[in-house]
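First the structure, in the form of structure tokens, and then the observations on it.
Readers should treat all values here as calculations from the given coordinates under stated rules, not as data from a laboratory. Since the structure is predicted, the reported quantities are computational estimates derived from the model, not experimental observations. Reconstructed Cβ throughout: ideal geometry from the backbone, glycine too, with neighbour counts over all protein chains shown.
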There are 2 protein chains.
Amino acid sequence: MQQDKTRLAISRAATQLFWEQGVAATTGDQIAAAAGVSVRTVWRHFRTKESCAEPIVAHSWSWFLATWRSWPDDLSLEEHVAAEEKRRNLSPQQQADDRAAAQMIVLSRTEPAIRTAFLMSSDLAERELAPIVARRLRRAPDDLDVLAHTAAINAVVRVISEEIIVGALTRDERSPLADSNARIINAVRTATSNLIGDPIRRTS
Amino acid sequence: MQQDKTRLAISRAATQLFWEQGVAATTGDQIAAAAGVSVRTVWRHFRTKESCAEPIVAHSWSWFLATWRSWPDDLSLEEHVAAEEKRRNLSPQQQADDRAAAQMIVLSRTEPAIRTAFLMSSDLAERELAPIVARRLRRAPDDLDVLAHTAAINAVVRVISEEIIVGALTRDERSPLADSNARIINAVRTATSNLIGDPIRRTS
DNA sequence: CGTAGGATGACACTTAGTGCCACCGTAGCA
DNA sequence: TGCTACGGTGGCACTAAGTGTCATCCTACG
């Protein structure tokens, strides 16, 4: 608990510094000072400098994963996402984290070090997603088809989110952010040949 | 040219050391010595120690990418892959590289540093794949749907290859390596709702 | 009040990674 | 043959990333 809070504090400080002055120009000492902890504590919580960004980047997936986790059998993906979207209510802190995560994704286009953090957190999300997909399909979590569907879903969500976020932050043309959920859901259906998306018929 | 040969030599040396004694226990000095170059040259070619593995890991994708690049419009994916598979003829050097790549993929299950290299090379492959998919679909390479299809294809190829390779190297149960191409092609079709796989009708 | 245990800080230490300059081989050119 | 321009490399000093170890502190629990 306290562990996680410290981790987050470090990650917030690190991502802000990365965004303001670049990754190379940011030292471990600066991150530690900005987070209000010692350098030693930074390296206790993170393998490398760039991996300090992971918790904040992972924040991008948190709503997505939470939504999928709570997806009931008898709703379509469209219905469930719409309902969750309505219920959504972000604290200022969460909004700030979201914004920082978006900045990291933009940075990842030019900074290989951040790209690795982004890809790692996507990989972690995939592992969390697999059992959810497995349960929905009534199959084993280590089934090869389940893994393939999971990877495909995760990949299209990643790439579409990335495009929308980068588009919104770099160009000021109004990106089609409004229907981003619809785009993602359609892509998920396409990427699974519609095996994922519809409500599940009760087999009782 | 000379650049690439040096890069490869370093990568071969590094991957072998990583496999034999682990990543943490392998120093830059050892890699340099094993590759027959100076330490300075190692860091000239690679950002980080773990990224030394990237060229060899990227080798995993080379046959896959070459096959897709040469895929003619009037063949199905099944037909083309079967033809390419028949034509395939690996030099001993290429076989050794393939083997080393497989070892790195196994290592990436337990070594986060290698996992990042693996994911980075997968990300690079995705960038190379996008224009190929775009051309096949007669759409722009930066089209959002094209990017989504590309990501889905790349993801299923990655995860299925990974499972097969890891299964073959860790368990000695005979993995279904024989029909791995068929599995991958089926997964690609599923992950694109059959938009990719069939021959393209001439529109003339 | 005493203490066991997990998290942190301090500090010395190793190794990853960079800047800088000298060197060497090769290609071009007179 | 000699001059030079240049891309790749080695050597070396240096900064910063990351680890091992021990003392300290905070908290929970009896």
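Here are the numbers:
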{"quantity": "Shortest-first nm distances, A:Arg40 label point to equivalent points in other copies (7 Å, Cα→Cβ)", "calculated": "3.7"}
{"quantity": "Using a 7 Å Cα-to-Cβ projection, A:Pro72 label spacings across copies, nm, ascending", "calculated": "5.6"}
{"quantity": "Neighbouring partner chain Cβ atoms per residue of B:189-195, average, 10 Å criterion", "calculated": "5"}
{"quantity": "Under the span-like rule (Cα at least 27 Å along the axis, Kyte-Doolittle mean at least -0.5), DSSP H helices of chain A", "calculated": "A:112-137, A:144-170"}
{"quantity": "Cβ neighbours within 10 Å from other chains - mean over A:50-57", "calculated": "1"}
{"quantity": "Environment charge at B:Ala35 (Cβ cut-off 14 Å; Lys +1, Arg +1, Asp -1, Glu -1)", "calculated": "+4"}
{"quantity": "Debye intensity ratio I(q)/I(0), log10, the protein assembly as shown, q values 0.06, 0.11, 0.13 Å⁻¹ (C-alpha model)", "calculated": "-0.26, -0.90, -1.26"}
{"quantity": "Local electrostatic count at A:Glu50 - Lys and Arg +1, Asp and Glu -1, tallied over other residues with Cβ under 10 Å", "calculated": "+1"}
{"quantity": "A:Glu128 paired with B:Arg139, simple spin-label distance in nm, labels 7 Å along Cα-to-beta-carbon", "calculated": "2.9 nm"}
{"quantity": "Neighbouring partner chain Cβ atoms per residue of A:110-122, average, 10 Å criterion", "calculated": "3"}
{"quantity": "Spatial separation of Cα centroids for segment B:77-97 and segment A:86-133, in angstrom", "calculated": "38 Å"}
{"quantity": "Copy-to-copy label separations for A:Pro141, where each label sits 7 Å from Cα toward Cβ, in nm and ascending", "calculated": "4.0"}
